[in-house]
C-alpha cells in the first residue's frame, strides 16, 4: 500500500505542476475543472494498471511473466499464477503442483523503521479521516439546528458572528445582518451557482484524496487549485448576468471576505484567494489557439505509467483459462487421498484435512508403489529425497481412497539449509517432494554459476525440468547472460538453441533473453523478422526515391538521402537501435494482429501508412472504406486526421450537416474542435435563434467552452 501511495503522490505532483505551469492562467475554467478532477481520479487509478513489458521503463516481475507465458502454453491446466505443470514422455511423470508465486523480497522487509513509517501513514489516514467525518457532522448539525429559509431547491441557513458566507450541498450559510441588500443578493446568486454546478462534490473528492495523501504537500496545493478554479468559474458565470456590474461585484467581494475561514468542506469566500479572483476577472480571455496545452497531459501520464506501473509480459491466453479462480499456494501435509490407475500411471488427488479446497492432482509412475492394497484396507508408502508419504486406504479395482501423512526428510532439509536455501519444512517440503527436487539438481545449478538459489527459483525450474544440457545449449547458442528468472519463461515457452539460432540468422544479432521471450510469446519466428526487414528496405527505397525526386536541384542532397536513408529513419541496416526499433514494431504489430493482408488492403486503396499509424488504425478499427468515405467530402486528409475522426466518432454525414449551416470556411480542424466540445449543428441553430450569428465555427466553440447562453 505504501508503494501505491507513493506512486499516487508522484503522479499527483506531476499533474499539479503541469496545471500550475501551463493551465492556471488560462480562462477556460470549465475545462480546467474537468482536467483537475480527471487528473485527480487518474492519479489514484493509473498505478493499478499493468503495462506491457516492452512499453515500460522497468523489467517485468518474473512471477507475472511466468504466469502469462506458461498459461498460454498449457491451456488445459489450472491457472499458472499459482501452478507449475510438467510433462514428460515415457516412464516420466506428468505432474500438476501448486506452488507459491515468485515474489521479489522487499529490501525493507525486516527493517523496523519502514514498519514504523507504515504505521505512521495509517495513523495519519485515521486522523484525517476522523477530521473529515467531524467536519461533515458539524455541517449537518449547523444545517438543521440553525434558522433557515427555503428558497426553491436552496436552503439558506442563517449564521451569527463574523463568519464568511459559504455553501455545501444545497445549503447556503450566511449572516444576513452583516450585508446590505445588493451585496446579500450577489452573495446568494454566487452561492447558487456553486450549488447548481455541484461544486461541493469537487471539494469532497479533493478532501477524500487528502485523507490518503495527507503526507504529500502537492496534494494540499492540488486541493487549493481545485477550490480556486471553482471560484474563478463561479465569478465568470456570475458576471455573464446582465444585472451584475463587474465593479460593484468586485467591491462586494472585498466587503464579504472575512478573516475567519469556514469549514474546509464548503465552497466559500476568504481573503487568501481574493486577489487571485480579482486578477482573473480582469484577465484577457484565453485564445482557442492555446488549447494545445491541454493535450500535453497525455504524454505526461504515459510517462508516469511507463515509469511507475508494474510491467507484465503478455503471452497468448485462451478464454478457457481466463476466468478460473486461483489455486492455493500450499498443500497440507495431512488429509485424504483419491486415486485412479490408468495404465502405468497413478493419478492421486491430495485433499486437505480441514480445508477441502486445499488440494492437488498429481501423476506418479505405478512402479514407484509396492503392494497397493486391493479390496482391503492397508498401508503403503512413497519415498523420495524430500521425504515420505504414508498412505492408509484401499483400492477397489483401479480406484482407491484413504488418508495420507507426509514426513519431511531431515537430512534433505539440512542439505538445503547448508546450500543457503531457506525453506519452511511444514509448507515447502511436500511441494519439493511432489516435484521431486533432488539434491543433484541443486548441485547442477550451482555448478552452472547460480549460487544464489532460493526455493522460489528451484520449484519452477525443477517443475519445468530445466537441465544442464538445456542451459549449456542456450549458452552455446550465444545467450551467455542467463539469469534464473530468464530460464523459467525460456523453458516454459520451449525456447531452445534452434529458436535462438533461427532469430540470429534472420539478421537480429544482439538478441537477449527478454527479447526472445517476447518474440516466442507472440509467435514471431525468424521468417517473420526477415519479411519485416524486406518490407522495411522497400519502404526506405520508396522514401529515398521520393527524396531524390523532390531534390533534383541539389545533387548533394540526393547523395545524402541515398546514403543516410529517408528523413526520420532511425539507422541503417545492422544498427542496433534500428534493429531494436524494428523488432519492437514487429512485436507490437503481431500483438495487434496486423497481418500482411491488413496492410495490403490499405496499399491497394492507395494509402501508405507507417508502422505507428497502423497500430493506431488497427486499434480504432479504421478500414480503407472508412478513409474513402471521408476523402469524398474532405480532401487532403492526413493520417492523424483519420485517427482523430474515428476516435471522436465523427461521420461524413455530420460534416455535411455543418456545411448546410452555410459556413464558407470549414476545415477539418474546425469540425473536430466542434465535435470534441459538443458544438453540434443543433447547438449552432439554437444559438442563432438567440441572435448569435457568426460566420466562423470557432465563435460557437468559444460560446460552448465558456458556457455562454
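The overall shape of the range 148-230 is prolate: from the C-alpha gyration tensor, with semi-axes ordered a ≥ b ≥ c, the ratio a/c is 1.5 or greater and a/b exceeds b/c. A simple spin-label model places pseudo-atoms 7 Å from Cα toward Cβ; at residue 648 and residue 480 they are separated by 5.6 nm.
For the range 600-654, the square roots a ≥ b ≥ c of the C-alpha gyration tensor eigenvalues yield an a/c of 1.5 or more together with a/b not exceeding b/c, which makes the shape oblate.
Per-residue packing, averaged as other Cβ atoms within 10 Å, sorts the ranges 595-604, 5-14 into the order 5-14, 595-604, beginning with the highest.
Let me make sure I get this right: for the range 112-295, a, b and c are the square roots of the gyration tensor eigenvalues over alpha carbons, sorted descending. Under 1.5 in a/c it's rounded, otherwise prolate if a/b > b/c, else oblate. Which is it? Oblate is the answer for the range 112-295, as a/c is 1.5 or above yet b/c matches or exceeds a/b.
Net length available on complete extension from residue 189 to residue 597 is 140.6 nm, with 0.36 nm assigned per residue and the Cα-Cα distance removed. Protection proxy ranking for 409-422, 183-196, using the average of other Cβ atoms within 10 Å per residue and placing the highest first: 183-196, 409-422.
For the peptides 226-235, 151-160, 508-517, residues were scored by their other Cβ atoms within 10 Å and the scores averaged per peptide; the highest-first order is 226-235, 508-517, 151-160.
Annotation for residue 288 and residue 683: the two label points, set 7 Å from Cα along the Cα-Cβ direction, are 1.1 nm apart. Label-to-label distance, residue 494 versus residue 48, with points set 7 angstrom from Cα along the beta-carbon direction: 3.8 nm. The radius of gyration of the Cα set in the range 598-707, together with its Dmax, comes out at 15.8, 52 angstrom. Which part of the range 129-148 falls in the paramagnetic zone of residue 158, meaning amide N under 12 Å from the point 7 Å along Cα-to-beta-carbon? What the label zone holds, given the 12 Å backbone N cut-off, is 146-148. Semi-axes of the equivalent ellipsoid for the range 424-466, computed as √(5λ) from the eigenvalues of its C-alpha gyration tensor and ordered from largest down, come to 18, 11, 9 Å.
Here, each number is a calculation from the coordinates, and none is a lab measurement. Just so you know, these numbers come straight off a predicted model, no measurement behind them. Ideal geometry is used to build each Cβ from the backbone, glycine not excepted, and the neighbour counts take in all protein chains shown.
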